[in-house]
Each structure stands twice: as C-alpha cells, then as structure tokens.
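The values are calculated or read from the model by the stated rules, or taken from the named source; none is laboratory data. These numbers come from a predicted model, not from an experiment. When we count neighbours, we look across all protein chains shown, and the Cβ atoms used for this are built from the backbone with ideal geometry, even at glycine. Just so you know, the surface numbers come from the protein's heavy atoms only, side chains and all, with ligands and any DNA or RNA stripped out. Shrake-Rupley method; radii C 1.70, N 1.55, O 1.52, S 1.80 Å.
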Amino acid sequence: MLKDLHLSRGCAAAFAAVGIYWGAFGALVPDLKPQVGLSDGGFGAAMLVSTAGAVAAMWAAPWIERVLGLRAVPVLACAVALAFVFPGLAVGGVSFALAMMLAAMASGTLDVAMNARLSVLESVSGRPLMNLNHGIFSLAYALSAVFTGLAREAGWSPLMVFSALGLVVLLLLAPMILSPVPDPDRVEGAPEPAPISWAVLAPAGLIVLVGFMAEQGTEGWSALHLERGLGAGAAEGALGPAILGFTMALGRFSGQAVAHRMSEAVVLSLGASLSAMGAVVAAWADGLAMAYAGFAMLGLGVSVVAPMAFAWVGRLVAVERKALAISRVAVLGYAGFFLGPPMMGGLSEMAGLAWSFTAVAGLLILVPLLLVPVLRRRGAPA
C-alpha cells in the first residue's frame with residue numbers, strides 16, 4: 001500500500017484536498033444554516049443551485065485539463081481552497097447559494113480531473129489505485145470533520161475553519177506539483193479513443209451517482225440529525241460525519257483485498273445492501289450509540305460503491321479508452337455528489353430528517369436490485 005501511495009502521491013494529495021473541505025462542510029452545517037438564515041428546504045435549494053454549476057463545470061473539465069496541462073491538478077486545488085472561503089463569508093440565502101455554486105464547480109472539476117488522471121496512472125503502472133485514493137479522500141474527510149467539531153466547540157466560525165484549511169492545501173500542493181500525472185488526452189503513444197457504448201457507461205454512472213448521493217447527502221446532514229434529533233453537542237454531532245469518513249476509509253483501504261476474492265458485482269451488491277441497512281438504523285435510532293452504529297454500517301457499505309464501479313468500467317474497456325470511460329462515468333456520477341444534500345433538505349422540510357435517511361436507503365437498494373443486473377446484461381459480466 002505504501003508503494004502504491006508513493007506512486008499516486010500527486011493524485012492522493014488532490015483527493016485529500018477535496019476531502020478536507022467537504023468534511024469541514026458536513027460538520028459546519030449546523031452553524032452555516034443559522035448564519036445564512038435558511039430552513040432545511042431553503043438550505044437544500046441553495047445546494048441544488050450549486051449542483052447546476054457543478055455539473056456544467058464537470059462537462060467542461062476535459063477542456064480545462066487541456067488548457068492547464070500538467071498544472072491542472074494543483075491549479076484546481078487552489079481554486080477549491082479559494083472558493084470555499086466564500087461560504088464562510090455568506091450572510092444570506094442568495095449569497096450562500098452562489099458561494100456554494102463556486103465551491104461545487106471548483107470541487108467537481110478537480111474531482112473529474114483527479115479521477116481521470118488516476119485512471120491513466122493505473123494504465124501506465126498496471127497497479128490498482130482507485131480504492132486507495134478514494135480511501136485517502138475518506139480519511140481526510142473524517143479527520144477534517146473531527147478538527148471542525150473541536151474548532152466549533154472552541155468558538156471558531158465557518159470562515160475561520162475554511163481559512164485554516166487553506167494552509168493545509170498549501171502543504172498538499174508540493175506532491176501535486178512534483179508528481180504530476182499526464183492529461184488523459186495526452187498519454188504518449190495512446191491511439192485515438194474509439195466511441196464508448198453508453199449502454200455500459202450509463203448504468204455504471206448511475207451506480208456512482210446513487211453512491212455519491214448517499215455519501216454526500218448523509219455526510220452533509222448527519223451532524224444536524226444528531227444535534228437536532230438526538231440532542232448531541234457540537235463535538236458529538238461532528239462524530240456523525242467523522243464516523244462516516246473513518247468507516248469509508250476503512251472500507252476503501254480493504255476494498256482491493258476483497259476485490260481479489262469477489263467480483264465487482266458481488267462487492268457492489270453487498271456494499272449497497274449494508275449501507276441501506278445502516279441508513280435505516282441511523283434514521284430511526286433512539287440514542288446516539290445506535291445512530292453512530294448506523295452511520296458506521298452506512299460508511300462501510302457505501303465506501304466500495306463508487307470505487308468498484310469505476311474499477312468495473314476500467315476493466316471493461318480497452319486500455320486506450322480507459323481514461324475517457326472513467327471521466328464520462330465520473331461526470332454522470334458526481335452529479336450525485338451535489339444532488340444528495342438538496343434532496344435530503346427538501347425531504348427533511350416535508351417529512352423530517354428520519355425520512356430523508358430512509359429515502360437514501362431506498363436509493364441504495366436499487367443498486368443490487370436493478371443497476372447491477374442491468375450492467376451485467378449489457379455485456380458486463382463479473
């Protein structure tokens with residue numbers, strides 16, 4: 001694992017940079033909502049505005065990569081650090097929606113870039129790296145959530161937290177700059193990629209979309225669920241996203257070993273089923289301990305959904321088309337990264353957070369019942 005981490009250190013630093021900001025955001029939701037004066041539904045609507053900008057930015061990501069070349073990952077990481085300052089400055093619903101749109105656009109573009117380039121690195125090196133790097137994201141997310149919870153207890157504002165994380169990104173720039181990964185369109189000796197069938201990419205992208213909707217929606221609302229529904233304090237509430245992050249890191253770090261013994265289809269089905277059970281447990285828990293256990297189950301299960309879907313697609317296509325396929329699935333899938341929080345906010349406004357988490361369980365169970373069988377039938381046996 002250390003050899004793989006050294007090999008992919010440039011991409012791993014980018015995954016960590018994205019993780020620390022979304023981990024902090026998840027733990028800061030209880031402070032951000034009153035700061036900008038939004039209800040659950042209004043907060044979700046603001047996140048939905050950010051989704052539109054993020055999806056547009058991700059479609060433009062290949063062009064941005066071509067323009068920036070080897071500088072794409074560090075430049076986009078700096079853009080993420082700058083963009084996340086604005087939610088900390090927001091004082092109203094409109095300004096918050098625009099601020100989160102900028103943050104989501106920067107983060108979504110970097111997400112597509114680092115996943116596509118990691119796929120190139122996998123092709124060049126012949127080593128599986130996807131689970132490891134997604135685990136780095138989860139570990140960074142969890143550590144950031146813990147730090148943010150302690151900072152909230154000490155009286156730090158969201159602006160102070162986001163600004164402090166900018167210093168961490170400065171440290172992470174070194175491996176991004178010193179260990180660049182080629183642009184997927186500029187791999188030396190690679191032939192012109194042929195068209196890729198959306199019959200395979202669409203169900204795979206929907207699996208990633210469901211996984212990220214569950215992951216980010218739960219991360220964004222778990223602290224509020226614990227504090228408002230179960231009376232947790234700031235540090236106890238931050239344990240919700242922290243537990244999710246730590247268990248997702250554990251699941252992803254061990255995901256490669258599991259994948260050697262079971263097919264992608266089996267791992268995806270088991271993981272999605274476990275995460276659906278965890279979402280229901282967390283939704284209807286009558287105490288903090290049970291809620292924490294539910295979030296741990298959810299984190300372990302959902303951890304393998306996106307990486308295994310990416311790995312499955314990567315195995316199905318030729319080497320020269322692998323990066324293109326991964327980038328296309330990422331564009332579709334990462335929409336779920338931004339759709340999850342507004343979906344849960346709207347459901348919470350109508351029926352409460354418990355039903356929002358139950359809806360997450362309903363989406364997750366579609367993976368083994370519908371999406372995995374569809375992907376199998378479309379020429380993707382596993």
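Structure notes:
- Taking the listed residues 36, 73, 80, 85, the one that is open to solvent by less than 20 Å² (accessible area, probe 1.4 Å) and either at pLDDT 95 or above or among the basic types (Lys, Arg) (or both) is 80, with no other qualifying.
- Some residue of the stretch 267-277 being of a type in the set (Ser, Thr, Tyr), surrounded by fewer than 22 Cβ atoms within 10 Å (Cβ to Cβ) and at pLDDT below 90: no
- Pairs meeting the criteria (first residue in the stretch 286-309 and without any contact (Cβ under 8 Å) to a residue 12 or more places away in the chain and farther than 12 Å from residue 246 by Cα, second residue assigned to a helix (DSSP H, G or I) and open to solvent by 10 Å² or more (accessible area, probe 1.4 Å), beta carbons under 7 Å, at least 6 apart or on different chains) are 290/281.
- Lone qualifier among 130, 114, 176 - being within 25 Å of residue 48 (Cα to Cα), open to solvent by less than 60 Å² (accessible area, probe 1.4 Å), touching a residue at least 60 places away in the same chain (Cβ under 8 Å) and of a type in the set (A, V, I, L, M): 114
- Annotation: of all residues in the stretch 255-266 being open to solvent by 10 Å² or more (accessible area, probe 1.4 Å) and touching a residue at least 24 places away in the same chain (Cβ under 8 Å), the one that is farthest from residue 130 (Cα to Cα) is 266.
- Selection within the stretch 1-11 - in a helix (DSSP H, G or I) and open to solvent by 10 Å² or more (accessible area, probe 1.4 Å): 2, 3, 4, 5, 6, 7, 9
- Residues satisfying the stated conditions in the stretch 327-371, i.e. modelled with pLDDT under 75, buried (at least 24 other Cβ atoms within 10 Å of the Cβ), farther than 14 Å from residue 222 by Cα and not hydroxyl-bearing (Ser, Thr, Tyr): 336, 337, 338
- Of the residues making up the stretch 315-326, those that are open to solvent by 10 Å² or more (accessible area, probe 1.4 Å) and either at pLDDT below 70 or within 21 Å of the chain's Cα centre (by Cα) (or both) are 318, 319, 320, 321, 322, 323, 324.
- Residues located in the stretch 40-68, provided they are over 23 Å from residue 90 (Cα atoms) and open to solvent by 50 Å² or more (accessible area, probe 1.4 Å): 59, 63, 66, 67
- Residue check, residue 290 at pLDDT 95 or above, closer than 17 Å to residue 211 by Cα and not aromatic (Phe, Trp, Tyr): no
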